[in-house]
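Here's the structure we're looking at; comments come further down.
The values are calculated or read from the model by the stated rules, or taken from the named source; none is laboratory data. Computed from a predicted structure; not experimentally measured. Reconstructed Cβ throughout: ideal geometry from the backbone, glycine too, with neighbour counts over all protein chains shown. The area values use the complete protein model at the heavy-atom level, side chains included, leaving out ligands, DNA and RNA. Shrake-Rupley method; radii C 1.70, N 1.55, O 1.52, S 1.80 Å.
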Amino acid sequence: MIQFSGVHKWFKQLHVLNDINLRITPGEVLVVCGPSGSGKSTLIRTINQLEPINEGKLVVDGMDLLDKKTDINKLRAEIGFVFQQFNLYPHLSVLSNITLAPLKIRKMQKKEAEEQAMTLLARVGLAEKRDAYPSQLSGGQQQRVAIARALAMKPKIMLFDEPTSALDPEMIGEVLAVMQGLAGTGITMVVVTHEMGFAREVAHRVAFMDHGVVLEEAKPEEFFRNPQHERAQQFLKQLLSPMH
Amino acid sequence: MLTYQFDWSVVTSGKYFEWLVSGFKVTLQLSVVGIVLAFIVGLLIAVMRMSNFRPVRWFALAYLEFFRNTPLLVQIFFWYFGSYKILPTAVNDWLNSTNFEFAAAVIALTIYTSAFIAEDIRSGVLSIPREQMEAARSAGFSYLRSMQYIILPQAVRITVPPLVNQFLNLAKNSSLAMTIGVMELTYQARQVESYTFKGFEAFTAATVVYLVLSTSITALVHIYDKRVLNPNRAV
């Protein structure tokens, strides 16, 4: 579904992605973790070309991202992206946030788009907020709306860029629960997160990144029981007991 | 010793009152047509100014600098006296058979004001967080569609106060159209003064009408802002 082959990316002098080779199969849930500045957000943002790559080959849903003939807007419509800061459209109601892209890009009928939006809102537990505006919602509610908005395009791939990092601790669970509900439904998920509980329970595979390199790829039980790389061991130790 | 005899009846009834009313109608037409066109052209120039395609961006920049940095009166004279010198005779004949003064005034007011509106809208767009464009683009919207559905609606909402200023400027600047013979409010007030020597009354009446026009424009935009643009603004 997503294939990185020898992908490099630089920000000026900074080598943010260094020879990434990664294959994500359809329906798989991949958690990407690593210390801040390791390039994990950049990695996930290359998949829908919010960040273009400089070198190598990146094929997403059969489309080569470096091929000039690839219609990036068409590809993006198949990929849901959930941001750390939610990025709902503040001038639109919750319902309109969800129906905008289906109406304008998919040319869906208004009634159908609204029914679908209500189904999705019910699924994320926010049906009663259909007429609210983003500023009237808590962070956790906004993020659940953002997930519903992404799902409204019936994406094949969902990308989550630290979806719970901006949330108060008591709201993290509600967002993770929605994400857990998505996993295993056949949708391909790439999740950048520090929530190791989520990685352990939901991920099919964990990739550990540091300094722009994928140092380790493993099944979660292996990764957590027996991390191979020294940096991964340190990272996990720090996450589990941050006082030391 | 004040010897001037006030006679307000000159401007409240009769022939001269009708002149003023007809002048007001023309001022209103100039203002409404000018505001609508200036807003549309301003939006267009603002988007062009932010284009990734250099020739388009440079054209918009040249447009802005040119029309913001030359006097409106010169621009009005240019469109009225200057433009037809370079147009074919057939076009001029047609223009003369129409209300060319009015058209020239509308063109000048529209272009002049659109340059200011474009800059206001652009600064509104720049104040929208970059992430909004990212969210729109990752949903699959093209750059222009993202502008249309997500960025500009937000930018225009926060640009309402400076936009009102530009609309008011346009309405007031429409008085300059008298210089090319458009029979708008100031022109008619001047006529009333010439015929009656009641300059105080004539221009007081014109002043009051401009005041009412300006406050009405402000009120209308604010009602539109409250009812349509931001009905659920949290604060």
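Under 5 Å from the amide H of A:Met158 lie the amide H atoms of A:Gly80, A:Thr188, A:Met189, A:Val190, each residue being 5 or more positions distant or on a separate chain, with H modelled from the backbone and absent for Pro and chain starts.
Between B:Val208, B:Val221, B:Val156, the GNM of chain B built on Cα springs shorter than 10 angstrom shows B:Val208 fluctuating the most. Taking the longest Cα principal axis of chain B as reference, the axis of helix B:100-126 is set at about 40 degrees.
Pairs exceeding 21 Å between alpha-carbon atoms, taken from A:Lys110/A:Lys156; A:Lys40/A:Lys219; B:Lys172/B:Lys226; A:Lys110/B:Lys226; A:Lys12/A:Lys237: A:Lys110/A:Lys156; B:Lys172/B:Lys226; A:Lys110/B:Lys226; A:Lys12/A:Lys237. Rounded to the nearest Hz, the phi-derived 3J(HN,Hα) couplings of segment B:128-140 under the Karplus curve 6.51 cos²θ - 1.76 cosθ + 1.60 (θ = phi - 60°) are 7, x, 3, 5, 5, 5, 4, 4, 5, 5, 6, 6, x, where x marks glycine and proline.
For the protein assembly as shown, the share of DSSP beta bridges that are antiparallel, to the nearest 5, is 55%. Once all protein chains are placed together, B:Val212 keeps about 80 Å² accessible to a 1.4 angstrom probe. Assuming charge only on the beta carbon of Lys and Arg (+1) and of Asp and Glu (-1), the dipole of segment B:119-224 about its Cα centre is about 200 debye to the nearest 20. Taking the inverse of the mean 1/r over every pair of distinct Cα atoms in chain A gives a Kirkwood hydrodynamic radius of 18.6 Å. Close amide H contacts of A:Gln84 (hydrogens built in the peptide plane, cut-off under 5 Å, sequence separation of 5 or more or a different chain): A:Asp161. Charged neighbours of A:Ala177, selected by a Cβ distance under 12 Å, balance to -1 (K, R count +1; D, E count -1).
Accessible area per residue for segment A:33-188, computed on protein heavy atoms with a 1.4 Å probe, is 41 Å².
For segment A:119-244, the C-alpha radius of gyration divided by 2.2 N^0.38 Å, with N the number of residues, is 1.17. Shielding of peptide B:126-133 by partners, expressed as the average count of other chain Cβ atoms within 10 Å per residue Cβ, is 2. Chains A and B: how much accessible area gets covered up at their contact, both sides added, probe 1.4 Å, in Å² to the nearest hundred? Answer for the A-B pair: about 1800 Å² buried. For segment B:9-229, the solvent-accessible area works out to 50 Å² per residue, with a probe of 1.4 Å and every protein chain left in place.
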